[in-house]
Amino acid sequence: MKYTSTRDASVRVSASQAITQGISAEGGLFVPEQIPQMNAQMLAAWAELSYIERAKTVLALYLDDFTPQELERCVSAAYAHGKFSDSRVAPLVPLADGTSVLELWKGPTCAFKDMALQLLPQLLTVSAAKAAPGKEIIILVATSGDTGKAALEGFRDVSGTKILVFYPNEGVSPMQRLQMVTQEGGNVGVYAVQGNFDDAQTGVKAIFTNPALGEMLAKENYMFSSANSINWGRLVPQIVYYISSYCDMLKAGRIQNGDTVNYVVPTGNFGNILAAYYAREMGLPVHRLICASNANNVLTEFIQSGVYNRKRDFYTTISPSMDILISSNLERLLYHMGGCNAPQVSAWMRELAEQGSYRVTEELHKGLQALFAGGFCDDVQTKQTIAELFKTQQYLADPHTAVAFRVYAQYQENTGDTTPAVIVSTANPYKFGSSVLQALSPEAPPITDEFEQIAVLEKQTGTSCPAQLKTLRGKPVRFEELCTRGSMEQAVLQLLQ
Ligand SMILES: *Cc1c(COP(=O)(O)O)cnc(C)c1O
């Protein structure tokens with residue numbers, strides 16, 4: 001199976017080339033030329049398998065230049081017990097009201113990014129050995145929080161790789177900062193960058209595109225790569241858990257084989273929900289995909305109007321991983337739903353870059369509305385939802401997951417749709433303990449110390465904080481260096497010595 005580019009129909013590469021390269025030369029994203037198909041018998045058979053077995057089976061359909069042994073090694077290393085605290089990897093939790101919650105945060109950093117970033121390093125090293133043999137890979141990441149830590153954990157001590165993470169000095173939560181500056185591993189580096197996320201991101205892009213630096217690295221047998229969510233190697237692991245959740249529902253007798261299901265996904269860069277779209281295109285019985293946003297509601301508006309318009313205020317919310325105005329992975333959806341029309345997608349992306357907006361065709365818009373529903377809520381509603389959910393169903397949700405619950409309630413009210421629903425849960429509530437605590441007890445005086453917050457939240461809810469967050473308290477800080485945008489290149493050179 002070959003992969004092509006959303007912006008250039010003449011591109012044809014293997015899966016391992018797509019993963020090694022990350023992004024196509026003209027700026028498009030890699031997409032599979034055909035989407036592999038499955039049927040009810042396959043789903044019934046997969047229901048009997050473990051998560052690791054399901055992952056191997058699904059990935060083999062997309063990564064056909066990997067041998068079964070290579071896939072076995074990659075998947076087992078990524079989802080082994082010890083890395084994920086739950087042997088089911090992505091457990092499906094039934095709630096009293098009949099909905100199910102798909103918990104994607106059992107990995108080492110307690111957020112859903114682990115589902116992909118535990119596997120990406122394995123896929124990337126195998127891919128690079130095929131597509132660029134003998135090269136050592138340097139991963140550069142600019143992060144606003146969750147991605148940096150998940151990438152560090154994924155790549156730590158993976159041979160043949162080094163990873164360098166840049167986070168904005170004034171832009172990550174204290175817990176997120178602590179997670180990164182205490183990172184262990186012999187091949188990792190972490191720097192604070194003076195400025196905001198844009199400064200860090202611009203600096204990383206400048207390093208990627210500096211020809212002199214690139215040449216120097218090539219001489220030393222290094223190559224740059226990226227761990228951000230436009231890499232196919234980050235998207236494909238996410239398709240697995242949608243199929244796996246359907247298998248779990250079958251196995252538990254919550255649905256009959258062939259019944260349709262709705263998925264509700266808290267969305268930022270559109271990677272998670274796009275994986276659900278691929279699962280459906282493969283043949284997974286999905287009725288609607290419900291795209292949940294916070295106050296940054298560019299996607300809600302797009303689904304409603306067919307116009308994508310990034311010219312709007314940017315809001316900082318209590319669900320920061322969804323604070324995004326340009327959802328990069330939407331480009332892949334436009335490609336598939338628009339009849340694989342690369343010139344058309346290129347034109348829209350150019351309009352987005354130059355004018356800040358584009359309008360899709362009426363036909364595409366109709367198709368979009370037939371499958372997707374969109375909705376959003378603000379921080380006040382998010383907090384209300386956290387409190388209500390805990391009171392009525394004893395379920396403690398983080399702010400991102402709470403947005404999904406709220407939007408689903410709105411959707412049900414508007415449509416009366418009774419299709420069984422899966423709410424996708426993207427972070428452990430303790431990762432955002434301060435907001436969760438405020439939601440539960442809005443009247444209480446605020447607590448500033450993160451570890452005290454954890455203790456109070458545990459006591460108040462009878463739940464327990466994952467050890468990997470609790471033990472950050474005693475961990476030595478390894479990385480305290482602060483650099484400016486101009487000195488980021490220096491940091492890269494230092495790592496290589
Ligand atoms: C990254 C992230 C999201 C958004 O996922 P996308 O794939 O970018 O849409 C939602 N919730 C949490 C906790 C995240 O870390």
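The values are calculated or read from the model by the stated rules, or taken from the named source; none is laboratory data. Model, not experiment: these values are computed from the prediction. Virtual Cβ from ideal backbone geometry, glycine too; neighbours counted across all protein chains shown. In case anyone asks, the SASA skips ligands and DNA or RNA and just uses the protein heavy atoms, side chains included. Shrake-Rupley method; radii C 1.70, N 1.55, O 1.52, S 1.80 Å.
Could you pull the Rg and Dmax for the range 117-234, using just the Cα atoms, both in Å?
Gyration radius and largest Cα-Cα distance of the range 117-234: 13.9, 40 Å.
Under 20 Å between alpha carbons, and skipping anything fewer than 8 positions from Lys56 in its own chain: which lysines qualify?
Cα-Cα hits under 20 Å: Lys2, Lys83, Lys106, Lys113, Lys130, Lys251.
In the range 346-437, what percent of the accessible surface is made up of carbon and sulfur (1.4 Å probe, ligands and nucleic acids excluded)?
Working: 1830 of 3870 Å².
Taking all protein chains in place, the range 346-437 shows 47 percent carbon and sulfur surface.
On the protein heavy atoms, probe 1.4 angstrom, tell me the percent of accessible surface of the range 72-154 carried by carbon and sulfur.
Answer for the range 72-154 is 50 percent, counting heavy atoms of protein chains only.
Run through the range 265-328 and list the trypsin sites (Lys or Arg not before Pro) located in a DSSP loop whose Cβ has at most 11 other Cβ atoms within 10 Å.
Lys311
Report the FRET efficiency, 1/(1 + (r/R0)^6), for Thr415 and Gln497, where r is their Cβ-Cβ distance and R0 is 45 Å, rounded to 0.05.
0.15
In terms of Cα to Cα distance under 16 Å, which aspartates and glutamates are near enough to Lys311, apart from those fewer than 8 places away along the same chain?
Glu301, Asp323, Glu351, Glu354
Provide the percentage of antiparallel DSSP beta bridges, counting only those with both residues in the chain; round to the nearest 5.
25 percent
Under the classification rounded if a/c is under 1.5, otherwise prolate if a/b is larger than b/c and oblate if not, where does the range 10-61 fall, given a ≥ b ≥ c as square roots of the Cα gyration tensor eigenvalues?
Verdict is prolate for the range 10-61.
Run lengths n ≥ 4 of DSSP H only: what is the helix-derived mean residue ellipticity at 222 nm for the chain, with -39500 (n - 2.57) per run over all residues, to the nearest 500?
Roughly -14000 deg cm²/dmol at 222 nm, from the helical runs in the chain.
Relative contact order, percent, of the chain when contacts are C-alpha pairs under 8 Å separated by at least 6 residues?
It rounds to 18 percent for the chain.
Once R0 is set to 35 Å, what does the formula 1/(1 + (r/R0)^6) return for the Cβ-Cβ distance between Val477 and Ala45, expressed as a FRET efficiency to the nearest 0.05?
Calculated transfer efficiency: 0.10.
Under 12 Å between alpha carbons, and skipping anything fewer than 8 positions from Lys470 in its own chain: which aspartates and glutamates qualify?
Glu450, Glu452, Glu458
Hey, how many Å between the Cα centroid of the range 225-294 and the Cα centroid of the range 305-382?
Going from one Cα centre to the other spans 18 Å.
Would you work out the relative contact order for the range 179-282, in percent, from Cα pairs under 8 angstrom that are 6 or more residues apart?
Computed over the range 179-282, the figure is 22 percent.
Out of the range 236-265, which chymotrypsin sites (Phe, Trp or Tyr not before Pro) are coil in DSSP terms and have no more than 11 other C-beta atoms within 10 Å? Write down the numbers at each step before the final one.
Numbers: sites: Tyr241, Tyr242, Tyr246, Tyr263; in loops: none.
Here no chymotrypsin sites (Phe, Trp or Tyr not before Pro) fit, given the DSSP loop and packing criteria.
If I model a spin label as a point 7 Å beyond the Cα along the Cα-Cβ vector, how far apart are those points for Ser487 and Ala444 in nm?
4.1 nm
Taking the convex hull of the alpha carbon atoms in the chain, what volume per residue do you get, in Å³?
Enclosed volume per residue, from the Cα hull, is 142 Å³.
Quantify, in whole percent, the carbon and sulfur part of the accessible surface of the range 214-334 (1.4 Å probe; protein heavy atoms only).
Working: 1710 of 3760 Å².
For the range 214-334, the apolar C and S fraction of the accessible surface comes to 45 percent.
Below 15 angstrom from the Cβ of Gly107, what's the summed charge of the other residues (Lys, Arg +1; Asp, Glu -1)?
On the way: positive: Lys83, Arg88, Lys106, Lys113, Lys149, Arg156, Arg234, Lys431; negative: Asp86, Glu103, Asp114, Asp146, Glu153, Asp398.
Result for the neighbourhood of Gly107: +2.
Measure off 7 Å from each Cα along the Cα-to-Cβ vector at Met1 and Lys219, then give the distance between these two points in nanometres to one decimal.
4.2 nm
Cα-Cα pairs above 21 Å in the range 308-417: how many percent?
Numbers: 3080 of 5995 pairs.
Across the range 308-417, Cα pairs with separations above 21 Å total 51 percent.
In Å², and per residue, what accessible area does the chain have when probed at 1.4 Å with the other protein chains present?
So the chain comes to 40 Å² accessible per residue, rounded to a whole number.
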